[in-house]
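Colleague: One structure is given below, represented as structure tokens, and several questions about it will come after.
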Number of protein chains: 2
Amino acid sequence: MTRQLHLNAFLMTVGHHEAAWRLPESDPFAHLDVQHYVRLARIAERGKLDSLFLADSPVLWNSVGHRPSGGLEPTVLLTALAGATERIGLIATASTSYNEPYNLARRFASLDHVSGGRAGWNVVTTAGPDAARNFNLDDQPAHRDRYARAAEFVDVSRKLWDSWEDDAALGDKANGVWGDDTKIHPAGHTGEYFQVAGALNVPRSPQGHPLLVQAGSSEDGKALAARYADAVFTAQQTLEDAQAFYADLKRRALAEGRDPDTVKILPGIVPAIGSTQAEALALEEELEQLIKPEYALRQLAQTLKLDPSALHLDRELPDDLPDEDEIEAAKSRYTLIVELARRERLTVRQLIGRLGGGRGHRTFAGTPEQVADAIQHWFDNGAADGFNIMAPVLPSGLEVFVDQVVPILQRRGLFRTEYTTRTLRDHYGLPRPAGVLKSSV
Amino acid sequence: MTRQLHLNAFLMTVGHHEAAWRLPESDPFAHLDVQHYVRLARIAERGKLDSLFLADSPVLWNSVGHRPSGGLEPTVLLTALAGATERIGLIATASTSYNEPYNLARRFASLDHVSGGRAGWNVVTTAGPDAARNFNLDDQPAHRDRYARAAEFVDVSRKLWDSWEDDAALGDKANGVWGDDTKIHPAGHTGEYFQVAGALNVPRSPQGHPLLVQAGSSEDGKALAARYADAVFTAQQTLEDAQAFYADLKRRALAEGRDPDTVKILPGIVPAIGSTQAEALALEEELEQLIKPEYALRQLAQTLKLDPSALHLDRELPDDLPDEDEIEAAKSRYTLIVELARRERLTVRQLIGRLGGGRGHRTFAGTPEQVADAIQHWFDNGAADGFNIMAPVLPSGLEVFVDQVVPILQRRGLFRTEYTTRTLRDHYGLPRPAGVLKSSV
């Protein structure tokens, strides 16, 4: 069989374009309505996509003025979607900086049970001081500390997920023996950040471990991905950058002693799809016109650690910007934005338009055939194992992708025409972690 | 209208009797199957019950040997049940000692949105060193500290639930103004246990605040209940004790400046129901025979802070037991057990039988009519505003309660025959908290 694409639907409010909510078709309160997400999940499942994904940060951003704000907590929302779908994988972001491993490992194991083995966790360290200030801190921990804690957090979580052997539960009514205590293995973890003594209070879940996703592209982020991630979401603007990232991460995985094929790399793509290219460009243009530049400029200034007055809509970025090393939050996003602006010599207004479309992810306007070509081109040229599909407008952008782009990929033999597997790991062609092996006698 | 009963279905694995899983009818793995709980929730909803409830502690107890162990995390499970039901309230226990307010307030607000205003939170401080050891501690915090943290936790949660005014979201597409930033109120909380700066990232939920439940009956527990609880679950063995508890808590609520009618008191009852009393007693007897006394004795010894060798199955409890004041975990449960044993001069074996049936809650064997009488007797005599129904065997015990006891209570005019309200607060006849009032000009 031809090597197969993996496709993930990244769901966000009424679309990834920050002005999508202003379109006539959009319900500005849809992101608070579980039925909106049920509809999206069913569209994605109709397209036989591997998974859907929800981003997250435990903080209310700056201002609720310019776009749909707040929302439903992702593990809650995914559980609701588990009941409304049958096959599609369900991936939620959750922070290692502002959770405790016992609680989070437990929720993902529970979601894995409830969904029949379809849970995935996007491991993030949560950038920014605002989130830190919701959790007893005055400022965010240093970048390196956040990543060191993240690594230990995943280690503890794995111990907890493996704390029950698969056959620890017996249910022997006649003898009144429900389970075998010798097959329960307390975590017994004492580390730099965590001390977790006990076993999880959830039996081992269908996937053993939920699928682990990583999405940071800083040095620390790539190191974490190479060590732990089953799938990597990444923002890449050019084929060359994507190839370099892909090769680098596969190499790092190998250096960690892993089979590089078990780390699936999925760049984001924000496809504006039209029946002609002109129609697709018109959709992009319509959305760009709806951006409120004053809000966007303020956000950009914050990301770049500048005073808003240092930015002028019709000029390029100022020359004097901090190095990535000086940035403590969202390092890789910072670098991507600066490089994009410099490479294409964008004015602030143009940069805002590009970022409003995909927050640093690659935007692409074209016909279904052109979108399929763009996907295949990267897939065939060592830049991607699949894609993170970020529809600019939801549900319409996902619907047109599923109904018009997916069939082209299927005809080319690049994508499944039916689900043939049950669990999220199976969809991605990944093995089930063995867990604690029975000690041989 | 006659004063109305409130009824809550306390769901636990395949029943509250610890040996229920050994009955021929029971699936010993049902508690890991969301469909089992869906079935229970629909039975409870068929009976027009106010709510259902899930207990919780973030720890795997002692041994998995003698009864169904582990399970699905309650906020995950309740979300799954929200999608499978329409009217019944959904109450989950969650610990204030081992969560962060921002995360937990957010999940309950999300559940309140997803369920259309049916979320409730049973606020617990989580007793015992084993749970503490899963959260970076060597032992549990002192009883008073746990309760002081719980009070502050609820205060912060309320600030977060009120951080959006009800009409903060505008969705004004024409002007590109999604929300009104002046109607967002950051928590700005700095206290002894928590520092939480921001606003919640969930808009105000249908109930404003989820229903708050409290279930500890220690001095600290009663103080917390009087100050915050909308409903109180309590274990009471005799009418006199229940009356005293009821009067005391209503008095305390009044002293807190609250209307005592807005604190609903629900003692637990474990009804073994038969078409004759003899049949009901035979069910109790059958279950008692299935208890493994060696496990139960070990558990009892742990609760009483004794070495297991100090207990003998066919003797009464030893004379020399610690005072409640010396107990740091589950104080009120400790006292209840000791008093029950002393009052009825039970041997350890008999005590184990009683505790195996309802873990300290009142057990009652009888016909549907007798169960209805028992409920009405306490309800009419200042001991209860309703009951926490703890079926010894699930689903059958809940089914017989709903199909045979509820109709009797309905005929007596004591219980609703249809849901006439939408939210959990409405079912309990409680007002929706006002939230932040718009400042008058």
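All of the numbers you see were taken from the coordinates with simple rules; none came from a lab. Predicted model only: the values in this text are computed from it and were never measured. Every residue, glycine as well, gets a Cβ built from its backbone with ideal geometry; the counts of neighbours run over all protein chains shown.
Colleague: Would you mind telling me which residue in A:ALA41, A:ALA330, A:ALA231 has the biggest mean-square fluctuation in a Gaussian network model of chain A, where springs connect alpha carbons within a distance under 10 angstrom?
Modeller: Per the Cα network of chain A with a 10 Å cutoff, A:ALA330 tops the list.
Colleague: Hey, another quick one. Counting only other chains, and only Cβ atoms inside 10 Å, what mean value do you get across the residues of A:99-106? Present the calculation step by step, with values, prior to reporting the outcome.
Modeller: Working: counts 3, 8, 3, 8, 11, 2, 0, 7.
For this peptide, the per-residue mean of nearby foreign Cβ atoms is 5.
Colleague: Related question: Can you give me the Cα centroid spacing of the stretch A:92-109 and the stretch A:357-394 in angstrom?
Modeller: 30 Å
Colleague: From the Cα gyration tensor of the stretch A:150-261, with a ≥ b ≥ c the square roots of its eigenvalues, which class applies: rounded if a/c is under 1.5, or else prolate if a/b is larger than b/c, or else oblate? Working shown, then result.
Modeller: Details: a/c = 3.62, a/b = 2.40, b/c = 1.51.
Since a/c reaches 1.5 and a/b is larger than b/c, the shape of the stretch A:150-261 is classed as prolate.
Colleague: Separate question: List, shortest first and in nm to one decimal, how far the label point of A:GLY191 (7 Å from Cα along Cα→Cβ) is from its counterparts in the other copies.
Modeller: Those separations, rounded to one decimal, come out as 3.1 nm.
Colleague: Ok, one more. Let's see if you can work this out: charge +1 on each Lys and Arg Cβ, -1 on each Asp and Glu Cβ, no other charges. What is the dipole magnitude of the stretch A:165-307 about its Cα centre, in debye to the nearest 20?
Modeller: Details: 13 positive and 23 negative charges, 68 e Å.
My answer is approximately 320 debye.
Colleague: Could you give me the ³J(HN,Hα) list for the stretch B:120-126, computed from phi with Karplus coefficients 6.51, -1.76, 1.60 and θ = phi - 60°, whole Hz, x at Gly and Pro?
Modeller: Computed from phi, the couplings for the stretch B:120-126 are x, 10, 8, 7, 10, 9, 6 Hz.
Colleague: Based solely on its DSSP helices, what 222 nm [θ] is calculated for chain B when runs of n ≥ 4 H residues each add -39,500 (n - 2.57) and the sum is averaged over all residues, nearest 500 deg cm²/dmol? Write out the running numbers ahead of the final one.
Modeller: Details: 15 runs with 163 residues, N = 441.
Using -39500 (n - 2.57) per qualifying helix, the result is -11000 deg cm²/dmol.
Colleague: Could you please report the charge total around B:ALA9, scoring K, R as +1 and D, E as -1 over all other residues with beta-carbon less than 14 angstrom from its beta-carbon?
Modeller: Overall, the nearby charge balance is +2.
Colleague: Please state the charge dipole magnitude for the protein assembly as shown, taken about the Cα centre, from unit charges on C-beta atoms (+1 on K and R, -1 on D and E), reported in debye and rounded to the nearest 20. Let's see the in-between values first.
Modeller: On the way: 94 positive and 120 negative charges, 228 e Å.
It works out to roughly 1100 debye.
Colleague: If the label for B:GLY176 sits 7 angstrom from Cα along the Cα-to-Cβ line, what are its distances to the same label in every other copy, in nm to one decimal, shortest first?
Modeller: For B:GLY176, the other copies' label points sit at 7.3 nm, shortest first.
Colleague: A further question on this structure: By counting other Cβ atoms within 10 Å of each Cβ, how are A:GLU279, A:GLU18 ranked from fewest to most? Show your work: numbers first, answer last.
Modeller: Details: A:GLU279 14, A:GLU18 26.
By the 10 Å Cβ count, ascending: A:GLU279, A:GLU18.
Colleague: Calculate the dipole size of chain A relative to its Cα centre from +1 charges on Lys and Arg beta carbons and -1 charges on Asp and Glu beta carbons; express the result in debye to the nearest 20.
Modeller: Working: 47 positive and 60 negative charges, 187 e Å.
Using only the charged Cβ atoms, the result is roughly 900 debye.
Colleague: Name the residue from B:GLN35, B:LEU90, A:SER309 whose Cα lies farthest towards the positive end of the charge dipole of the protein assembly as shown, charges +1 on Cβ of Lys and Arg and -1 on Cβ of Asp and Glu.
Modeller: Sorting the options by dipole projection puts first B:GLN35.
Colleague: Mind sorting B:LEU52, B:LEU40 by how few other Cβ atoms lie within 10 Å of their own Cβ, fewest first? Present the calculation step by step, with values, prior to reporting the outcome.
Modeller: Values: B:LEU52 27, B:LEU40 22.
Final ranking by Cβ density, sparse to dense: B:LEU40, B:LEU52.
Colleague: Ordered shortest first, which distances in nm separate the 7 Å Cα→C-beta label point of B:GLU256 from those of the other copies?
Modeller: 4.8
Colleague: Sort A:ASP130, A:ASP314 so that the residue with the fewest other Cβ atoms within 10 Å of its own Cβ comes first and the one with the most comes last. Working shown, then result.
Modeller: Details: A:ASP130 20, A:ASP314 8.
Going from sparsest to densest Cβ surroundings: A:ASP314, A:ASP130.
Colleague: Taking a cut-off of 20 Å between Cα atoms, list the aspartates and glutamates near B:LYS159, but don't count ones fewer than 8 places away on the same chain.
Modeller: Qualifying aspartates and glutamates at Cα under 20 Å: A:GLU73, A:ASP130, A:ASP138, B:GLU100, B:ASP112, B:ASP167, B:ASP180, B:ASP181, B:GLU192, B:ASP230, B:GLU256.
Colleague: While we're looking at this one, here's another question. Taking only the C-alpha atoms, wrap a convex hull around the protein assembly as shown and report its volume per residue in Å³ as a whole number. Please list the in-between numbers first.
Modeller: Values: hull volume 151.4 nm³, N = 882.
In the protein assembly as shown, the Cα convex hull volume per residue is 172 Å³.
Colleague: Taking the Cα centre of each part, how many Å lie between the stretch A:119-145 and the stretch B:154-193?
Modeller: Using only Cα atoms, the two centres lie 21 Å from each other.
Colleague: First select every other residue whose beta carbon is under 11 angstrom from the beta carbon of A:ARG118; then total the charges, Lys and Arg +1, Asp and Glu -1. All intermediate terms of the calculation are to be shown ahead of the outcome.
Modeller: Details: positive: A:ARG87, A:ARG422, A:ARG425; negative: A:GLU45, A:ASP50, A:GLU86, A:ASP112, A:ASP426.
In short, -2.
Colleague: How are the alpha carbon pair distances in chain B distributed across 20 Å bins from zero to the largest one, expressed in percent?
Modeller: Spelled out per bin, shortest first, that is 25, 59, 15, 1.
Colleague: Another question, if that's okay. In terms of the Cα gyration tensor, with a ≥ b ≥ c the square roots of its eigenvalues, is the stretch B:311-441 rounded because a/c is under 1.5, prolate because a/b exceeds b/c, or oblate? It would help to have the intermediate numbers written out before the result.
Modeller: On the way: a/c = 2.89, a/b = 1.44, b/c = 2.01.
It is oblate, given that a/c is not under 1.5 and a/b is not larger than b/c.
Colleague: In addition: On C-alpha positions alone, give me the angle between the axis of helix B:143-161 and the longest principal axis of chain B, in degrees, nearest 10.
Modeller: Approximately 40 degrees, to the nearest ten.
Colleague: Assuming a ≥ b ≥ c are the square roots of the Cα gyration tensor eigenvalues, decide whether the stretch B:35-153 counts as rounded (a/c under 1.5), prolate (otherwise, with a/b larger than b/c) or oblate.
Modeller: Values: a/c = 2.49, a/b = 1.48, b/c = 1.68.
Cα axes put the stretch B:35-153 in the oblate bin.
Colleague: As a quick test, which of the pairs A:LYS250/A:LYS331; A:LYS222/B:LYS183; A:LYS48/A:LYS173; A:LYS264/A:LYS305 have an alpha carbon distance above 31 angstrom in this structure?
Modeller: Violating the 31 Å Cα-Cα cut-off are A:LYS222/B:LYS183; A:LYS48/A:LYS173; A:LYS264/A:LYS305.
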